[in-house]
Amino acid sequence: MSEFDYDLFVIGAGSGGVRAARIASGHGAKVAVAEEYRVGGTCVIRGCVPKKLLVYGAHFAEDLVDARRFGWQLGDRSFDWPTLRDNVLGEVDRLNGIYLNTLESHNVTVYPVRATFVDQHTLDVGGERITARHILIATGARPLTPALPGAEFGITSNEVFHLETLPKRLVIAGGGYIANEFAGIFHEFGVHVTLLNRGDTILRDWDPALRDRLLTISMAKGLNFKFNCGLESLEKTDTGIRINIHDNDPIEADQFLWAIGRRPNVESLGLEAAGVDLDDRHAIRVDEDSRTSVPHIYAVGDVTDRIQLTPIAIREGHAFADSVFGGKPWRVDYNAVPSAVFSNPPLGSVGLTESQARNTLGDVRVFTSDFRPMRNVLAGRNERALYKLIVDVATDKVVGAHMIGPDAPEILQAVAIAIKAGLTKAQFDDTVALHPTMSEELVLMK
């Protein structure tokens with residue numbers, strides 16, 4: 001008999017925790033998971049999956065208008081928010097069930113309660129003391145709200161999927177991917193959207209040419225942007241919310257959305273009792289093998305604040321399980337990780353930006369294609385796509401690709417494979433173009 005109840009106990013059943021539990025169990029470990037909310041985590045329950053479904057729904061606003069230029073005669077158009085909302089939430093329920101069935105089919109015991117550390121090997125799981133040889137923390141992150149008067153009158157990306165009715169006026173605080181994605185979504189639903197940004201740019205870490213293009217297109221569509229805004233307070237009014245801004249007139253809105261970043265979920269886990277260290281960002285400090293300051297306690301995903309992306313959490317969980325329980329040690333490679341912003345239009349990026357490449361490599365060449373997609377031409381839309389390739393002169397390798405335009409994230413996934421493989425610009429050029437497509441621009445840049 002083992003001296004522990006489980007070989008592995010996972011705190012949190014999001015993408016990283018579920019993958020780690022499933023793989024570890026497949027290697028013969030006795031595994032349990034504690035999840036106090038719903039199995040699936042941020043991405044499946046209140047993040048990228050339901051948000052992407054809203055993005056699909058929002059695209060019909062422009063698609064139905066463009067259809068007339070393609071010969072389709074349509075009647076009166078109307079949008080019913082409850083229909084989309086409820087269908088999206090129904091899909092979330094379905095996925096939650098699939099994730100739960102996956103754990104059960106892999107003989108993983110699921111505790112639908114909160115787990116906290118009692119000591120380095122013992123957890124309080126809903127009032128029950130449980131011991132484990134290894135413990136994995138995969139509690140993710142949550143939306144950040146500031147310590148401002150009236151901050152509680154705003155909602156976050158957790159609640160936005162459950163709105164009873166669409167607001168007529170929505171104010172969003174933030175300039176990152178979450179703020180810009182929801183701005184595009186609700187604008188297409190007919191909501192008057194204003195983004196408040198404390199800085200002077202959106203998408204701070206993205207290639208400047210792409211973020212400038214998104215800003216220009218968004219403003220042309222009718223979205224409002226206010227930069228260098230210092231928020232002072234929110235007030236509840238008879239008609240909605242009043243947003244008080246430093247050195248500016250207040251803004252009246254029906255709804256206010258906080259989208260100013262995310263914070264690792266480390267509070268109330270009892271980490272002090274286990275001796276698990278945090279870094280200066282209040283995230284769990286880990287090494288290259290996801291090991292914390294306690295040798296048998298590990299952490300993966302957003303709670304470590306390395307790269308807050310679902311596929312990264314999944315890889316980290318998989319690498320941990322293979323390394324600790326499968327006898328097949330490997331580490332996650334954080335180079336050339338592709339990312340996307342599902343704004344309107346969307347952005348995709350992988351590898352080094354132009355400025356990063358010049359700072360690290362020195363001599364680089366930049367190739368661009370600035371064009372109007374064929375569909376936009378016939379539809380009478382002036383929106384232009386922009387593709388950039390960054391090339392290391394010394395090796396001719398393509399070290400970065402950045403795109404804004406229709407289906408940019410779908411196209412970028414294939415480009416990410418090429419960059420990860422170290423392909424050269426000459427090899428891009430040697431590839432025959434697939435015509436007529438937007439992606440052919442990637443092999444025609446001279």
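Charge dipole (Cα centre; +1 on Lys/Arg Cβ, -1 on Asp/Glu Cβ; no other charges) of the chain amounts to roughly 840 debye. Compute the distance from the alpha-carbon center of region 402-446 to that of region 348-370, in whole Å. Centre-to-centre (Cα) distance: 15 Å.
Residues within the reach of a label modelled at LYS420 (point 7 angstrom out along Cα to beta-carbon, backbone nitrogen below 19 Å), restricted to region 1-33, are 15-16, 19-20. Cα convex hull, region 168-221: 68 Å³ per residue, rounded to a whole number. A Stokes-Einstein calculation at 37 °C with viscosity 0.692 mPa s, built on the Kirkwood radius of region 355-445 over Cα pairs, returns a diffusion coefficient of 238 µm²/s.
Over the chain, dividing the summed -39,500 (n - 2.57) contributions of all DSSP H runs of at least 4 residues by the number of residues returns a 222 nm mean residue ellipticity of -10000 deg cm²/dmol.
Take the alpha carbon atoms of region 117-141, find their center, do the same for region 209-229, and report the distance between the two centers in whole angstrom. Computed from Cα coordinates, the inter-centre distance equals 46 Å.
Between THR145 and LEU64, the C-beta separation translates, for a Förster distance of 51 Å, into a calculated FRET efficiency of about 0.90. Among beta bridges from DSSP that stay inside the chain, the antiparallel ones total about 60%. Using the Cβ-Cβ distance between GLU410 and ARG365 with R0 set to 25 Å, the FRET efficiency from 1/(1 + (r/R0)^6) comes to roughly 0.45. Per residue, the solvent-accessible area of region 355-446 (1.4 Å probe, heavy atoms of protein chains only, all protein chains present) comes to 51 Å². Each residue of the chain gets 174 Å³ once the volume of the Cα convex hull is shared out per residue.
Just the C-alpha atoms of region 233-326: what Rg/Rh do they give, with Rh taken as the Kirkwood radius? Ratio of gyration radius to Kirkwood radius: 1.22. With all protein chains in place and a 1.4 Å probe, the accessible surface of the chain carries 50 percent carbon and sulfur. Pairs from the list LYS168/LYS388; LYS52/LYS388; LYS388/LYS420; LYS51/LYS221; LYS52/LYS328; LYS51/LYS226 with a Cα-Cα gap above 27 Å: LYS168/LYS388; LYS52/LYS328.
Spacing of the modelled spin labels on ASP212 and GLU235, each 7 Å from Cα toward Cβ, amounts to 4.0 nm. Using a simple spin-label model with pseudo-atoms 7 Å out from Cα toward Cβ, GLU159 and GLU440 lie 5.0 nm apart.
The P(r) of region 81-135 has a tail past 12 Å containing 73 percent of all C-alpha pairs.
The values are calculated or read from the model by the stated rules, or taken from the named source; none is laboratory data. Quantities reported herein were computed from a predicted structural model and do not represent experimental measurements. Neighbour counts are summed over all protein chains in view; Cβ atoms, including those assigned to glycine, are modelled from backbone coordinates with ideal geometry. SASA here: full protein model, heavy atoms, side chains in, ligands and nucleic acids out. Shrake-Rupley method; radii C 1.70, N 1.55, O 1.52, S 1.80 Å.
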